[in-house]
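A.B. asks: So that we are looking at the same thing, I have put the structure below in structure tokens.
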Amino acid sequence: MASATLVDLKILSKKISKKLKIGDSVYLKGNLGTGKTTFARFCIHELLKKNKKKLVEVISPTFTIAQYYPLYKKNFIAHYDLYRITKLKDLDNIGILETNNQSISFVEWPEILKRKNKNRIEISLKHTKDENQRFLNVKYFGRIKK
């Protein structure tokens, strides 16, 4: 696990956003306030820029559970926050598993998922004693390579 600042998160988000394709997922793990939404925001902005889309405010989907950002005609970026999901059945209502082949998805609090996308990046964030730093661990799965 490496130590990372917000600048480091932004640099990593550029690197990772270049690797992502429709059907890929980024799972963001960590306690409240470790930077999951911030990292997702950085990546989503990079993907929107790369696809010449208008930059929009990327808000936390904590209360809405899901936010969507258009990419192409039938493709989009999905940003999920599963913090308030308590039952697996509730996942059916948001379509998280059905949209994998149409989207690049960012999933905060993915621990509740029983089936994981085989093409994913898992990022774990953890608080450090320094509030401007966090511990960061990145794992790549499937076709996404380091």
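The values are calculated or read from the model by the stated rules, or taken from the named source; none is laboratory data. Because the structure is a prediction, the values reported are computed rather than measured. All Cβ positions, glycine included, derive from the backbone under ideal geometry; neighbour counts span all protein chains shown. Areas reflect the complete protein model, heavy atoms only, side chains present, ligands, DNA and RNA absent. Shrake-Rupley method; radii C 1.70, N 1.55, O 1.52, S 1.80 Å.
A.B. asks: Looking at the chain, what % of its DSSP beta bridges pair antiparallel, to the nearest 5? Could the numbers behind the result be given before it?
C.D. replies: Working: 16 of 32 bridges.
Of the beta bridges lying entirely in the chain, close to 50 percent run antiparallel.
A.B. asks: Give the relative contact order (percent, whole number) for the chain; include only Cα pairs under 8 Å separated by 6+ residues.
C.D. replies: 34 percent
A.B. asks: Which whole-Hz couplings ³J(HN,Hα) result when phi for each residue of the stretch 17-23 is put into the Karplus expression 6.51 cos²θ - 1.76 cosθ + 1.60, θ = phi - 60°, listed in order with x for Gly and Pro?
C.D. replies: Going residue by residue, I get 4, 5, 8, 6, 10, 3, x Hz, with x marking Gly and Pro.
A.B. asks: Expressed as a whole number of Å, what is the distance separating the alpha-carbon centroids of the stretch 1-56 and the stretch 67-126?
C.D. replies: So the two Cα centres are separated by 14 Å.
A.B. asks: Helix-only mean residue ellipticity at 222 nm, the chain, DSSP H runs n ≥ 4 weighted -39,500 (n - 2.57), per residue, nearest 500. What is it?
C.D. replies: -7500 deg cm²/dmol
A.B. asks: What percentage of the solvent-accessible surface of the chain, computed with a 1.4 Å probe over protein heavy atoms, is contributed by carbon and sulfur atoms? Walk me through the numbers on the way to the answer.
C.D. replies: Values: 4450 of 8370 Å².
Of all accessible area on the chain, carbon and sulfur atoms account for 53 percent.
A.B. asks: What pairs in Lys87/Lys146; Lys50/Lys145; Lys53/Lys89; Lys18/Lys139; Lys18/Lys129 have C-alpha atoms more than 24 Å from each other? Don't jump to the answer; show the numbers that get you there.
C.D. replies: Values: Lys87/Lys146 33 Å; Lys50/Lys145 20 Å; Lys53/Lys89 34 Å; Lys18/Lys139 16 Å; Lys18/Lys129 31 Å.
Violating the 24 Å Cα-Cα cut-off are Lys87/Lys146; Lys53/Lys89; Lys18/Lys129.
A.B. asks: Quickly rank 58-64, 12-18, 48-54 as a protection proxy: mean count of other C-beta atoms within 10 Å, highest first. Kindly include the intermediate steps, with their values, before the conclusion.
C.D. replies: On the way: 58-64: 15.0, 12-18: 16.6, 48-54: 12.6.
The packing order, highest mean first, is 12-18, 58-64, 48-54.
A.B. asks: Between Lys87 and Lys18, what length comes free when the chain is fully extended (0.36 nm per residue of separation minus the Cα-Cα distance, one decimal in nm)?
C.D. replies: Net length gain for the segment: 21.5 nm.
A.B. asks: Would you calculate the separation in nanometres between label points at Phe141 and Asn31, each defined as 7 Å from the Cα along the Cα-to-beta-carbon direction?
C.D. replies: For Phe141 paired with Asn31, the spin-label model returns 2.5 nm.
A.B. asks: Go through the stretch 73-86 residue by residue and turn each phi into a ³J(HN,Hα) via Karplus (6.51, -1.76, 1.60, θ = phi - 60°); whole Hz please, and just put x for glycine and proline.
C.D. replies: For the stretch 73-86, the Karplus curve yields 3, 10, 10, 7, 9, 10, 10, 10, 10, 9, 3, 8, 7, 10 Hz.
A.B. asks: Check Val26: other-chain or 5+ apart residues with amide H under 5 Å from its amide H, H built from backbone geometry?
C.D. replies: Ser105, Phe106, Val107, Ile121
A.B. asks: If you roll a 1.4 Å probe over the heavy atoms of the protein chains, what accessible area per residue do you get for the chain, in Å²?
C.D. replies: On a per-residue basis, the chain sits at 57 Å².
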